[in-house]
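Nothing in this text is a laboratory measurement; each read-out follows from the coordinates by a stated rule. Every value quoted in this text rests on a predicted model; they were computed, and no experiment measured them. Here Cβ is always computed from backbone atoms with ideal geometry, including for glycine, and neighbour counts include all displayed protein chains.
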Amino acid sequence: MKTKRYNLFDCVPKSIDEAFLILDNFKQGIPYEAIRYLRDQKPSKKITSKIVYALQNTYTGFYYNEKENYCAPTPLWYATVAETHLSKDFIEPVIQLFSIIEEDWDAMNEQGEFLIGLLSNIYPKITVSKVMNFIDIMLAENSSSLYLYLFDALQEADLPKQKLWFLKTFANKNLQWDELFVELLADLGIIEAVPIIKERLAKMKLNDFNRGEYEYALEKFAKVPSLYPPYYKTRGNWEEHFIVFEDAFFDEEKSKSILKTIKIGRNEPCPCGKLKENGEPIKYKKCCGLM
């Protein structure tokens, strides 16, 4: 197992304000001590407000340098603290992370997906409702924003009451991430979607890469429905998670590269070579693209 790199400036804070100061100004590496200190504090309005501010300003000029296409990692540190201070106040800011089209940040996308999963588990009704409303807006705008990262939260939907929404959304021609949405339908066991899936498959070319996702969904429908575990249930401890790619935060040029969009097509097979149960390659956006 990879060990954590030592950083001279990663000191233990003596107060909440000092921890904030560290997170706001940490330039090299990952501020484990300050993150851990804040995670261990009792929930408070002070910490909640700071997290909300960081989430809301992730892509604003406060943290983001458009000229250099570089985003300070500060919002990521607060989003990690948020895991132990979950609040309804986080739902809207996390959802809005995925309204961005021109710029996105893989590390923050992954953390946002993790947070929305945690929030949907604690506040299922309000989280699912807000996610659905947001997706409706994205569809109306024919947006290509990354709302796919919110799909996990929809596993907490009240299907007897909200099944029609899933069917209408899947039928919407503006749905940008239908190849992922179709698997969600299969995981939820929404059998009414099968005719639409078969109809689309009949129109797809044999070499259409999305064909594999649709065929895989039909295979899932043929089995006893079982939810694919949402990301928040499968990711490991936060420190172990960051250790994997922490080297990128110790070098300025590497830091910039990890905070930029990785230049691998989201629909391309993941370069790690991982396969699904049926032997189909897993797409980058569903595998290493989440890290």
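Between Asp208 and Phe62, the FRET efficiency estimated from the beta carbon spacing at R0 = 45 angstrom works out to 0.60.
If you wrap the tightest convex hull around every Cα atom of region 15-65 and split its volume per residue, you get 80 Å³. Protection proxy ranking, highest mean first, for peptides 111-119, 170-178, 123-131: 111-119, 123-131, 170-178, where packing is the per-residue count of other beta-carbon atoms within 10 Å, averaged. Each residue of region 33-50 is assigned a 3J(HN,Hα), and the resulting list reads 5, 5, 5, 4, 4, 5, 4, 7, 6, 5, x, 8, 4, 4, 6, 4, 5, 5 Hz, derived from the Karplus form 6.51 cos²θ - 1.76 cosθ + 1.60 (θ = phi - 60°), x at Gly and Pro.
With the alpha-carbon atoms of region 160-222 aligned to their principal axes, the span from lowest to highest coordinate is 37, 27, 17 Å, starting with the largest. Annotation for Ala222 and Glu141: the two label points, set 7 Å from Cα along the Cα-Cβ direction, are 4.0 nm apart.
Provide the FRET efficiency to the nearest 0.05 for the Asp24-Leu167 pair, computing r from the beta carbons and using R0 = 45 Å. Given R0 = 45 Å and the Cβ-Cβ separation, E is 0.50.
Label-to-label distance, Lys42 versus Lys14, with points set 7 angstrom from Cα along the beta-carbon direction: 2.2 nm. On the beta carbon distance between His241 and Ile100, with R0 = 25 Å, the FRET formula returns roughly 0.65.
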